[in-house]
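A.B. asks: Dropping a structure here in structure tokens format, bear with me for questions.
The values are calculated or read from the model by the stated rules, or taken from the named source; none is laboratory data. Everything numeric here is computed off the predicted structure, so don't read it as measured data. Positions of Cβ are generated from backbone atoms using ideal geometry, with glycine treated the same way; all protein chains shown enter the neighbour counts.
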């Protein structure tokens with residue numbers, strides 16, 4: 001749900017730090033009616049850290065107990081570790097949040113996993129910051145929009161407050177964006193026609209049996225005429241036997257997954273009511289926080305609107321330059337700040353244009369002796385053709 005918000009393309013794989021720093025209840029808050037992939041290596045690291053007293057042993061114990069008692073993965077992890085023909089086991093169901101777990105022996109991480117820092121960011125967006133006191137006091141003195149500025153100090157203060165409001169407004173925009181995504185996710189669950197658990201993946205497909213050799217093949221083999229074909233047939237037969245072995249192992253895991261699914265459905269009717277209630281409570285709390293965030297955003301935007309600075313110059317980088325002009329004595333008023341800024345921007349554009357021209361000329365010129373010779377030879381060839 002939040003991988004785009006966190007600039008992560010896959011939000012279903014977690015690294016070790018997430019399990020060390022957060023409890024199952026905290027992590028599963030973001031995986032309602034979803035799934036989590038846990039690599040075998042991560043599980044073994046969790047076990048090793050817990051046994052050696054590393055990290056937060058309390059949280060690691062909670063996760064290990066959760067895996068063994070709640071979702072009952074148990075000895076299946078040993079099977080996964082020992083089997084060369086098995087790469088994934090699951091799903092394992094946790095009914096209270098409708099979450100499925102998959103355990104993977106070898107996992108090709110194309111994208112970065114979620115870390116404890118990512119979850120810290122998510123939890124932070126559930127805590128709406130209080131109104132900035134300095135901005136609150138300044139707002140009371142700026143009842144009138146575009147109030148005249150009497151001296152340089154007041155201008156510097158207005159620029160400072162406008163810049164601070166822009167920063168706070170940007171922060172509040174991030175909060176509102178997060179809360180809207182969160183609310184959409186929870187509402188999407190409630191909008192389903194039937195909230196149910198995800199079924200296991202379809203049964204594995206049985207491999208095709210290789211064709212039998214033609215009747216004359218045995219005779220040809222005895223006289224040594226088709227040994228290459230005989231070797232190919234042997235390899236095909238060996239591959240088929242191996243694929244059948246993998247097929248039977250995966251069928252056994254599929255049957256076990258179906259049994260887990262049936263068992264999870266027995267308690268789902270009761271758990272679904274609690275699950276729906278959780279979603280509604282989350283929506284109620286998040287809606288209240290969104291309302292609070294929007295109110296703060298409106299206050300900060302009000303300060304920006306009442307600033308003496310024109311909207312064309314209401315960016316953080318521009319205001320920082322205005323403040324520096326005033327503090328260093330390069331300008332004494334707002335008009336002086338704007339003149340300096342426009343002059344610097346004009347020369348920056350000229351310099352950029354000059355650089356583009358120089359780069360174009362550079363790339364149009366022969367880069368080395370070989371290119372110069374090739375250009376010369378091409379000219380000779382063209383001249384001879386014209387003659």
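A.B. asks: Pull up segment 319-333, narrow it to residues that are assigned to a helix (DSSP H, G or I) and touching a helix residue (DSSP H, G or I) at 6+ places or on another chain (Cβ under 8 Å), then point me to the one that is nearest to residue 162 (Cα to Cα). Steps first, please.
C.D. replies: Our first condition is that a residue be assigned to a helix (DSSP H, G or I); within segment 319-333, this holds for 319-328.
From what is left, the residues that are touching a helix residue (DSSP H, G or I) at 6+ places or on another chain (Cβ under 8 Å) are 319-323, 325-327.
Numbers: 319: 8, 320: 10, 321: 13, 322: 12, 323: 11, 325: 16, 326: 15, 327: 16 Å.
The selected residue is 319.
A.B. asks: Then there is this: For residue 339, are the conditions met, namely being out of contact with any helix residue (DSSP H, G or I) (no Cβ under 6 Å at 6 or more places or on another chain) and outside the structural domain of residue 180 (by TED's automatic domain parsing)? Give the steps one after another, and end with the answer.
C.D. replies: Details: out of contact with any helix residue (DSSP H, G or I) (no Cβ under 6 Å at 6 or more places or on another chain): yes; outside the structural domain of residue 180 (by TED's automatic domain parsing): yes.
Criteria met by residue 339.
A.B. asks: Right, next: Among 189, 195, 228, which is out of contact with any strand residue (DSSP E or B) (no Cβ under 7 Å at 6 or more places or on another chain), in a helix (DSSP H, G or I) and at pLDDT 90 or above? Talk me through it step by step, then tell me what you get.
C.D. replies: Numbers: 195 fails: in a helix (DSSP H, G or I); 228 fails: at pLDDT 90 or above.
Among 189, 195, 228, only 189 is out of contact with any strand residue (DSSP E or B) (no Cβ under 7 Å at 6 or more places or on another chain), in a helix (DSSP H, G or I) and at pLDDT 90 or above.
A.B. asks: Which numbered condition trips up residue 93, out of (1) surrounded by 12 or more Cβ atoms within 10 Å (Cβ to Cβ); (2) out of contact with any strand residue (DSSP E or B) (no Cβ under 9 Å at 6 or more places or on another chain)?
C.D. replies: So the condition that residue 93 fails would be (2).
A.B. asks: Could I ask something else about it? Identify the residue in segment 82-101 that is more than 28 Å from residue 271 (Cα to Cα) and assigned to a loop (DSSP other than H, G, I, E, B) and, among all such residues, is nearest to the chain's Cα centre (by Cα).
C.D. replies: Residues of segment 82-101 that are more than 28 Å from residue 271 (Cα to Cα), as a first pass: 82-87.
Narrowing further to those that are assigned to a loop (DSSP other than H, G, I, E, B): 83-87.
Numbers: 83: 32, 84: 31, 85: 31, 86: 28, 87: 24 Å.
The extreme case among them is 87.
A.B. asks: Any residue at all in segment 80-90 that is out of contact with any strand residue (DSSP E or B) (no Cβ under 6 Å at 6 or more places or on another chain), surrounded by 16 or more Cβ atoms within 10 Å (Cβ to Cβ) and either outside the structural domain of residue 24 (by TED's automatic domain parsing) or under 27 Å from residue 189 (Cβ atoms) (or both)?
C.D. replies: Here is the first cut: in segment 80-90, the residues out of contact with any strand residue (DSSP E or B) (no Cβ under 6 Å at 6 or more places or on another chain) are 81-87.
Adding the requirement that they be surrounded by 16 or more Cβ atoms within 10 Å (Cβ to Cβ) leaves 86.
From what's left, either outside the structural domain of residue 24 (by TED's automatic domain parsing) or under 27 Å from residue 189 (Cβ atoms) (or both): none.
No - not one qualifying residue is present in segment 80-90.
A.B. asks: In the set 268, 347, which member is touching a strand residue (DSSP E or B) at 6+ places or on another chain (Cβ under 9 Å), more than 30 Å from residue 177 (Cα to Cα) and not assigned by TED's automatic domain parsing to the domain that holds residue 102?
C.D. replies: On the way: 347 fails: touching a strand residue (DSSP E or B) at 6+ places or on another chain (Cβ under 9 Å).
Residue meeting the stated conditions: 268.
A.B. asks: In a helix (DSSP H, G or I) and free of Cβ contacts under 8 Å to residues at least 40 places away in the same chain, is that true of residue 65?
C.D. replies: Values: in a helix (DSSP H, G or I): yes; free of Cβ contacts under 8 Å to residues at least 40 places away in the same chain: yes.
The answer is yes for residue 65.
A.B. asks: Considering every residue within segment 31-39, establish whether at least one is more than 30 Å from residue 279 (Cα to Cα), in contact (Cβ under 8 Å) with a residue 12 or more places away in the chain and out of contact with any strand residue (DSSP E or B) (no Cβ under 6 Å at 6 or more places or on another chain). Break it down stepwise before answering.
C.D. replies: Taking segment 31-39 first, the residues more than 30 Å from residue 279 (Cα to Cα) are none.
Scanning segment 31-39 turns up no residue that is more than 30 Å from residue 279 (Cα to Cα), in contact (Cβ under 8 Å) with a residue 12 or more places away in the chain and out of contact with any strand residue (DSSP E or B) (no Cβ under 6 Å at 6 or more places or on another chain).
A.B. asks: In segment 102-115, what count of residues is obtained for those that are within 19 Å of residue 20 (Cα to Cα) and within 13 Å of the chain's Cα centre (by Cα)?
C.D. replies: 4
A.B. asks: Just to be sure before I move on: is residue 345 assigned to a helix (DSSP H, G or I) and without any contact (Cβ under 8 Å) to a residue 12 or more places away in the chain in the structure I sent? Even if it seems obvious, please write down each step before you answer.
C.D. replies: Working: assigned to a helix (DSSP H, G or I): yes; without any contact (Cβ under 8 Å) to a residue 12 or more places away in the chain: yes.
It is true that residue 345 is assigned to a helix (DSSP H, G or I) and without any contact (Cβ under 8 Å) to a residue 12 or more places away in the chain.
A.B. asks: Another question, if that's okay. Would you mind stating whether residue 20 is under 27 Å from residue 281 (Cα atoms), crowded, with 19+ Cβ neighbours inside 10 Å, outside the structural domain of residue 187 (by TED's automatic domain parsing) and modelled with pLDDT of 95 or more? Spell out how you get there, then give the answer.
C.D. replies: Working: under 27 Å from residue 281 (Cα atoms): no; crowded, with 19+ Cβ neighbours inside 10 Å: yes; outside the structural domain of residue 187 (by TED's automatic domain parsing): yes; modelled with pLDDT of 95 or more: yes.
Answer is no for this residue.
A.B. asks: Can you tell me which of 55, 11 is surrounded by fewer than 19 Cβ atoms within 10 Å (Cβ to Cβ) and touching a residue at least 12 places away in the same chain (Cβ under 8 Å)?
C.D. replies: Values: 11 fails: surrounded by fewer than 19 Cβ atoms within 10 Å (Cβ to Cβ).
Of 55, 11, the one residue that is surrounded by fewer than 19 Cβ atoms within 10 Å (Cβ to Cβ) and touching a residue at least 12 places away in the same chain (Cβ under 8 Å) is 55.
A.B. asks: Filter segment 286-317 down to the residues that are assigned to a helix (DSSP H, G or I) and without any contact (Cβ under 8 Å) to a residue 40 or more places away in the chain, then identify the one that is nearest to residue 94 (Cα to Cα).
C.D. replies: Looking only at segment 286-317, we keep the residues that are assigned to a helix (DSSP H, G or I), and these are 286-306, 311-313, 316-317.
Retained after the next criterion (residues that are without any contact (Cβ under 8 Å) to a residue 40 or more places away in the chain): 288, 291, 295, 298, 311-313, 317.
Working: 288: 29, 291: 32, 295: 38, 298: 41, 311: 52, 312: 54, 313: 53, 317: 49 Å.
The residue in question is 288.
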